[in-house]
1. Could you say whether any residue in region 116-126 is modelled with pLDDT of 95 or more, more than 10 Å from the chain's Cα centre (by Cα) and either in the same structural domain as residue 187 (by TED's automatic domain parsing) or assigned to a loop (DSSP other than H, G, I, E, B) (or both)?
2. Name the one entry in 70, 61, 33, 56 that is over 19 Å from the mean Cα position of the chain (by Cα), loosely packed, with under 12 Cβ neighbours inside 10 Å and more than 30 Å from residue 190 (Cβ to Cβ).
3. Name the residues in region 154-168 that are touching a helix residue (DSSP H, G or I) at 6+ places or on another chain (Cβ under 7 Å) and either closer than 19 Å to residue 82 by Cβ or assigned to a strand (DSSP E or B) (or both), would you?
């Protein structure tokens, strides 16, 4: 694993990694391989920006998800919807964005509202596939809250399909159901009814 040294320099968005960061060299090589000159005016600082973006995205820290509150109603259905996250397709290294909805029936512990977004971002900021993303979010919600009944739905557009291959925009929906959400059609119907505008 390399160590990045940070310096304050020039007009390249405040902090930037020095050339020692291997990602800078990789970006320069990539520009050369696609027929560009990494030393021309518009691209001179691009390898440094590229390296900084990758480090920032992969090392993103969404904050603590450990605070829990005592539940007051164990029959209640809690839904947090339209959490917007960006991730990177592990097959093509291209971005995909998702709108994530999380539902759960708390038992004795409630998650604070911001924790849902923090958990979603924690699993999005890495090389990922949407199917695994919803599964990992569901597992975290269940583990942290102690709830058995958890549902996660993600609807996303993948630039690996929009920008390459078929070059067609499309929305992909994936779900992860735990506990009663996987067994009880009435509970799923209640959730979907609540999500209707």
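1. yes
2. 33
3. The answer is 154, 156.
The values are calculated or read from the model by the stated rules, or taken from the named source; none is laboratory data. If you're wondering where the values come from, they're calculated on a predicted model, not measured in any experiment. Don't worry about glycine lacking a Cβ; one is built from the backbone with ideal geometry, like all the others, and counts go over all protein chains shown.
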